Structures are given as C-alpha cells and as structure tokens.
Amino acid sequence: METIDFSGIKVDNVTLTEAAEIVRHFIIEGKPRVVVTPNPEMIVAAQTDAEFKKLINSADLRVADGISMVVVSQILGRPLKERVSGIDLMLKLLEIGADYNYRVFLLGGAPGVAEEAAKKIKDRFPGLVIAGTQNGYFNAGDETGIVKKIKEADPDLLFVGLGAGRQEKWLNQHLYELGATVGMTIGGSLDVLSGRKQRAPKWVQALYIEWLYRLLTEPQRWKRQLALPKFLWLMFKPSV
C-alpha cells in the first residue's frame, strides 16, 4: 500500500472499502493484527511520545481519521484518497461481519456504554455474534481478568475504545494474549453507537467543520481542539 507521511506518522492511502477488505483478509489469515486510526490530535501527541509514534507506525493498517489530513495531503501534492474515520470503518466491518457471523468484543467507555452499544449493534446487524463487552474504567490490577475474559470470548474483531494513546499501548501490550484476530482502536465510537453522544450531521461533515460542531456541543473539549492549529503548523512550518 502507498503510505503518506504526516510529520513522522505513516498513514495508509486507502478508501473505506479498501480498508474494510484488508481487514477481512486479516481475519481470513488468522494472525493477530492491529488497526489504528490516526487523526491530527494523535499526530500532535505522537511528536512528544516516541512509544506512541512507534505503535502507530508499526500497526498493520493505519487509516486517516481526519478531514484536515485529506485537505493537507492535497495541498502538499500527496493526496489521500479519502477520509476513513474510525467509526465508519467500524460500521463497515460490522456490516461485513453480519454476513460472515463474526464474533465481536467491545472494550471501552463508561460503565454501561459498551452494553448499550452492543444492543444497538445487534439490532442493526443481527448476523453478528457479540461475544462480550467490557467498560474502559479499569486499572492495572483488573487487566489479567479482562484479558482472560476477551480470550475466552474468542473474537474475530476486538474494538478498543480507551482513548488515544492508552488504547494503542494497551492493545500492543496484550495483543498476543487476547486471542483476538484483529484489534482495532476506536476512540469514543462506543459513546456514539450507544446513543449517548451524537455524531455531527452529514452536512457539517461535508463542510469540513466537524471540529466546530464538537466544540459547540462539547465545549469542554476546547483544549483538545487546539491540536488542529498545532497539526497545521507541523505540516506547513518552514524548513530550517
């Protein structure tokens, strides 16, 4: 696959359909694989976290979860085919999984969120097997039991929503113990799928102002939104 560099973060230049097909082949192969969804906030954070940067770059599939990344790539003459958001790829994989009876495990969110998301997913994709759920509010002392729970569930797809940085490091640490075929990091997607949070309307996404919608609906995120100008500075700063 062609890769595009965003200030040291490698992103695979694939469409949503291509990404889903790659993951389907990962499942057929049966080897443990990691899928990550770098966005501008993660790219900025990785500049000061060498472990985080290494984990993103070493993942088996890295999709661009940020429309600003698409715009920047076009300006720099290395255009991404399209944005592939984590939640869109997750939904596409769930759709495919319904046809192949994939076993799915949901990890993350506040207590109750994964269970609520599982119910809505099952209603939407009845062919899926929801093999298990687990909230993301646990500490190091709980990890052995959680790893055992996931391993016993034997999922084809493990969706991990523990927040950027933590989820990638946790998945890398436990990947070969989990028994999951594909582990994919999904940020806050379970909050949306559970119905506790609303995604920006399509017209907002089309205008490239999803960041503004999030700021207006979740003003407590304002510090996180500062990552966007930092990302743009990284990409366009003058060469020394």
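Details
- Helix 143-153 vs. the chain, principal-axis angle (Cα, 0 to 90°, nearest 10): 70 degrees
- Gain on full stretching of the segment that runs from Lys31 to Arg78 - 0.36 nm per residue minus C-alpha separation: 13.8 nm
- Of Lys31/Lys120; Lys31/Lys151; Lys92/Lys149; Lys92/Lys151; Lys151/Lys197; Lys54/Lys148, those spanning more than 19 Å from alpha-carbon to alpha-carbon: Lys31/Lys120; Lys92/Lys149; Lys92/Lys151; Lys151/Lys197; Lys54/Lys148
- Cross-link reach is defined here as a Cα-Cα straight distance under 19 Å, omitting same-chain residues fewer than 8 places apart; for Lys237 the aspartates and glutamates meeting it are Asp5, Glu41.
- Computed extension gain for Lys230 through Gln198, at 0.36 nm per residue and net of the alpha carbon distance, reaches 8.9 nm.
- Highest average packing first - 82-91, 190-199, Cβ atoms within 10 Å: 82-91, 190-199
- Axis angle, to the nearest 10 degrees, between helix 227-236 and the longest C-alpha principal axis of the chain: 50 degrees.
- Fully extending the segment from Thr144 to Asp60, taken as 0.36 nm per residue of separation minus the present Cα-Cα distance, adds 27.7 nm.
- Scoring 41-52, 152-163 by mean Cβ neighbours within 10 Å over their residues and listing the highest first yields 152-163, 41-52.
- About its Cα centre, the dipole of region 108-193 is roughly 100 debye, where the only charges are +1 on Lys and Arg Cβ and -1 on Asp and Glu Cβ.
- With a simple spin-label model that places each label point 7 Å from the Cα along the Cα-to-Cβ direction, the separation between Met1 and Tyr137 comes to 3.5 nm.
- Assigned charges on the beta-carbon of Lys, Arg, Asp, Glu; the chain dipole about Cα centre (debye): 560 debye
- Using alpha-carbon coordinates, inclination of helix 16-29 to the longest axis of the chain, degrees: 40 degrees
- Compactness of region 3-236 as Cα Rg over 2.2 N^0.38 Å, two decimals: 0.97
Every number in this text was worked out from the coordinates using simple rules, so none of it is lab data. None of the values given here were measured: they were computed from a predicted structure. Please note: Cβ atoms are built from the backbone with ideal geometry, for glycine as well, and neighbour counts cover all protein chains shown.
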